[in-house]
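Worksheet: the structure to be examined is printed underneath.
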Amino acid sequence: QQSPTPKRKQNPKPKPSRPPSRAPTTPTKKPLANIKSASQPQIAWLMSFPNSGTSYTSKLVRTITNSSTATNYGASTRDEYGCSRPIADKYAETGPFWQSNTYSQLGGQNGEYLLTKTHCGGYCNGCGPSQYFETLATFQEGCLTGKRSNRCRRDVNGERIMNSKAKTSYDVVQYNASLVRRAVHVIRNPFDNVVSRFHLKAKELRARNRENYDNSKEGFRRWCAYIDGSFVEQEAALKAFSSRRKLLDRIPCHADFVRYLLWHHYAERTQSSLNIPTLVLHYEEYYASFNATVDTLMAFLNIELTKNSPEKFEIGKTYRDYFTSSEKEAVAELAESISSNITWQRLERYF
């Protein structure tokens, strides 16, 4: 089903230049309670597989503009009354929602595009294929789906008070694709991403007094041995796995790489399906060419007036040494076999 993909090329790596040393200006913050949004902001999705620079990119835009960005996940950004804050009143039932309650302005005004966080679908951590195998339709639906707090209601006077009777903390909601006008697709080195996701999972397991995996290379290998053997039957039933069995057996935590590759494949397919202009932003570009990357991002979002200097970017750790040369070659072969031509062009630099 996949289109033929080009052969890998050895591209010269650009020499990194350090981010500017200028000191950031502290944004002026005040509550947004009485500020009204535009009737229909133009949304630019911030599409990223988790642990790829989502938080930094959102905060960067908020800091520079002194304006709030948006998110699909309003249940995690409640106001003091436990309410999610829709970007406009008519989207109260569907989202998206404001990501912060502390910036003095709302984003997406005066022709600017409102950066809106979405992880789409198929990104679970430590799960089996039944939970992350998507079709284009279900993946795209995930990009439009979010969570709204249901621990909030209005009393007869219109005042918001906490709804203590709610059995769950959120409702699953979905907005219309017509709101989405652009996309910023953030990509991080797959080897760094997979190990970073392991660190998060290990921290979660320790907090729940489950198996203790330390963050070392040995701890990672121990986790991979466990998770690689946990979904053998599910994988055997899927041609995507059975046809690549020998290749996958060469890759520790092979399902994490499959998830990563499928996610970026469907992200590209979704952008093409919706015919939305897309800026591909590689995480390491913040380090290699910080000023140019920020300027490109601001121009893409049609943001002309900036109010604060950006915070200094601190590049995360790299974990390529967690893998042998043979394992990295196997991941490259897997990436070529799964990716479309366009997706491979976006990922090729990492192999």
Members of region 239-255 found to be surrounded by 15 or more Cβ atoms within 10 Å (Cβ to Cβ) and in a loop (DSSP other than H, G, I, E, B), listed by number: Arg244, Arg250, Ile251, Pro252, Cys253
Exclusive hit being among the charged types (D, E, K, R), part of a helix (DSSP H, G or I) and touching a Ser or Thr at 6+ places or on another chain (Cβ under 7 Å), set Glu348, Glu329, Glu336: Glu336
Those residues of region 215-233 which are of a type outside the set (A, V, I, L, M), open to solvent by less than 50 Å² (accessible area, probe 1.4 Å) and closer than 16 Å to Leu200 by Cβ, in sequence order: Ser216, Gly219, Phe220, Trp223, Cys224
Selection within region 278-321 - in a helix (DSSP H, G or I), among the polar types (S, T, N, Q) and in contact (Cβ under 8 Å) with a residue 24 or more places away in the chain: Asn291
Residue count, region 144-174 (criterion: closer than 23 Å to Ile87 by Cβ, of a type outside the set (A, V, I, L, M, F, W, C) and at pLDDT below 65): 5
Considering residues of region 95-110 that are part of a loop (DSSP other than H, G, I, E, B) and modelled with pLDDT under 85 only, the residue most open to solvent (accessible area, probe 1.4 Å): Asn110
Cβ pairs under 8 Å, 6+ apart, first in region 124-144 and in contact (Cβ under 8 Å) with a residue 40 or more places away in the chain and more than 14 Å from Glu268 (Cα to Cα), second open to solvent by 50 Å² or more (accessible area, probe 1.4 Å) and among the aromatic types (Phe, Trp, Tyr): Tyr132/Tyr123
Some residue of region 80-91 being polar (S, T, N, Q) and open to solvent by 10 Å² or more (accessible area, probe 1.4 Å): yes
Scan of region 270-283 for residues that are of a type outside the set (Gly, Ala, Ser) and either closer than 17 Å to Thr138 by Cα or over 15 Å from the mean Cα position of the chain (by Cα) (or both), ordered by number: Thr270, Gln271, Leu274, Asn275, Ile276, Pro277
Residues located in region 111-147, provided they are open to solvent by 20 Å² or more (accessible area, probe 1.4 Å) and of a type in the set (Gly, Ala, Ser): Gly111, Gly126, Ser130, Ala137
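The values are calculated or read from the model by the stated rules, or taken from the named source; none is laboratory data. Please read all numbers here as calculations on a predicted model, not as lab measurements. All Cβ positions, even for glycine, are placed from backbone atoms using ideal geometry, and neighbour counts span all protein chains on display. Remember, those area values only see protein heavy atoms, side chains included, never the ligands or the DNA or RNA. Shrake-Rupley method; radii C 1.70, N 1.55, O 1.52, S 1.80 Å.
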